1. Would you pick out the residues in the stretch B:282-306 that are more than 25 Å from the chain's Cα centre (by Cα) and assigned to a strand (DSSP E or B)?
2. Note down all Cβ pairs under 6 Å where the first residue falls in the stretch A:106-130 and is farther than 24 Å from residue B:105 by Cβ, the second is at pLDDT below 95 and not in a helix (DSSP H, G or I), and they're at least six residues apart or on different chains.
3. Collect the residues in the stretch B:120-144 that are surrounded by fewer than 16 Cβ atoms within 10 Å (Cβ to Cβ) and in contact (Cβ under 8 Å) with a residue 24 or more places away in the chain, keeping them in residue-number order.
4. Surrounded by fewer than 22 Cβ atoms within 10 Å (Cβ to Cβ), out of contact with any helix residue (DSSP H, G or I) (no Cβ under 8 Å at 6 or more places or on another chain), in contact (Cβ under 8 Å) with a residue 12 or more places away in the chain and within 18 Å of residue B:78 (Cβ to Cβ): is that true of residue B:243 in this structure?
5. Sort out which residues of the stretch B:86-128 are more than 7 Å from chain A (Cβ to nearest Cβ), assigned to a loop (DSSP other than H, G, I, E, B) and over 27 Å from residue B:8 (Cα atoms), and write them in order of number.
6. Tell me, which helices (runs of 4 or more DSSP H) lie completely within the stretch A:90-174 with 2 or more residues that are more than 14 Å from every other protein chain (Cβ to nearest Cβ)?
7. I need a count of the residues in the stretch B:224-234 that are modelled with pLDDT under 90 and in contact with a helix residue (DSSP H, G or I) (Cβ under 8 Å, 6 or more places away or on another chain).
């Protein structure tokens, strides 16, 4: 009898944590859009550590370290100013060209960097994908977040530039995080497509740099929107980076005028690309480990 | 359902054949394929992508706290099964229910970044294996101590020796505390003493009541750790149950496979420009024999055939002998004993001349390996059986003790005895030449 009692109690003690054990059912995926946000949340520490890794590794074993994040856009700004403003006489809606240009380069540097890192995030981490489980969405997501650090540093350099030109910031600057978030959403949306396509088609590796360069020229970074012919504006506004760049300039340059109606087509495009990207990514995700 | 940790129900995984080489990895291939598909559409050509089932209807249950071994040949589906259970890839059909937190160790040092220091990599790797930061912080000192790389913990791992790298990586993995641990042959790395340490850790894990799934080619490890095992053959469960019976089944299967003509073998790995075509076991006069004899000289002849018109520089031909439990006993390799360059062309053979065969009687297996310029050309596990007839190795009229048949090697030795409490030691000597 005693023996029975002991086993009984041992059994229940042993089984108590069972109810709290996580249960996972592995089965062929079905359904178009099963986001599994819970899994993303569960792996938030991994997102955090990947972002931290990307930032750390980028400036390891460099003399200037994080100063590169400021030096790069500043140097680009100087060169472009000489080429496009001094020699090319490109107008800047009456604002000092360096300020005008830098306010556009700021989000563009972020977009181009996040795009090339996000686009290659899956193929670049092929060993991880074939050896360990985590929600794959984490890779393009953290690749999109990491360059935000560089954006913040480049922004500090912009403050210096404003001081140089004696421009005083306005309350509009507070809206900057909003436009930065828009930039991140756009890049993530594109990054989802590109990274998933890259897994299947290695051509993407060749196309991507060209694509990024082209995108820069169809965005109002070197020139003002006012230089785009009136009849082309509607089509032009479909490019979501237009909204981001205009938003950045509006927030950073006092007195900068923006036609906010241009934002609607952009936002619509972002929504479609983003949702489409999520669906495509999730449907491809099932075969990543087999194909990569 | 209370005491079940894993329940697999009819798991199957389907691959298109030649997935690696025939995949449309470039847009052009894809378009070309589409185009060809279109032209064939009218004619109704044959199915262009033959497919196969890497796994077919796998069903089993693992109880909580059980250590289950998975054995089988290369390509039997072991890794695919582990990948499905670790959620890396999805099954084509079937389901598996998993109760508890899973950590899978399909590789040592997953996600290690060479630029980061040992300390940073511990956090990174742990996060990838699903460990919470808080947990890592708590166990940090323990992990570092286990790895034995304390002095270099703030050095980038790119400056580590490969041994240090592996030790650090395993130390992280060893401190995972999941309810279910999935391990794929990771013990094949590191030096012997570290392997021993790892095995000890695995035993500790299984004793602490956690569920472990382990894949290994090493039957000694499987028999030592698991109560139950599964034998996979061509994607199906060939045998499931008591480890000893399953290991016997595996050994039988190996014997069956090793009996087939080497020319007809398809379970080869490597580039395949040089192929092993035959293995002959011969006596000292180079006459082929059915079995070698313990203590006598033996010649092992490996015939090869090279791709026509090609010459292969810096070749290495090697053969290793595996014992009853598929454990590696010793290896014969052209580069070790005589490091002169070996160039192979056309057809030919390499003879390994072994004086006084130091093996007990029993059934052994060969494993063959050929490489050129550091590239694996042809690697076949269990390529042929190797029978040895027991004989009096030491010339004392005694044979090896029971249990040692095809298990371990014979070495030359002598022994001495002495008495420590006597001041006038008169050693008793026994000498075996």
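1. Of all residues in the stretch B:282-306, those more than 25 Å from the chain's Cα centre (by Cα) come to B:282-299, B:305-306.
If the condition is that a residue be more than 25 Å from the chain's Cα centre (by Cα) and assigned to a strand (DSSP E or B), then B:282, B:288, B:292, B:293, B:298, B:299, B:305, B:306 are the ones that fit.
2. Pairs found: A:108/A:221.
3. B:135, B:142
4. The answer is no for residue B:243.
5. Within the stretch B:86-128, B:109, B:112, B:114 qualify.
6. A:97-119, A:138-145, A:147-164
7. 5
Yes or no, residue by residue, for (1) modelled with pLDDT of 90 or more; (2) within 22 Å of residue A:161 (Cα to Cα); (3) assigned to a helix (DSSP H, G or I):
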{"residue": "A:220", "(1), (2), (3)": "yes, yes, no"}
{"residue": "A:226", "(1), (2), (3)": "no, no, yes"}
{"residue": "A:238", "(1), (2), (3)": "yes, no, no"}
{"residue": "A:244", "(1), (2), (3)": "yes, yes, yes"}
{"residue": "A:248", "(1), (2), (3)": "yes, yes, yes"}
{"residue": "A:262", "(1), (2), (3)": "no, no, yes"}
{"residue": "A:269", "(1), (2), (3)": "yes, no, yes"}
{"residue": "A:272", "(1), (2), (3)": "yes, no, yes"}
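The values are calculated or read from the model by the stated rules, or taken from the named source; none is laboratory data. Everything numeric in this text was worked out from a predicted model, so none of it was measured. Note that each Cβ is placed from the backbone with ideal geometry, even for glycine, and that neighbours are counted across all protein chains shown.
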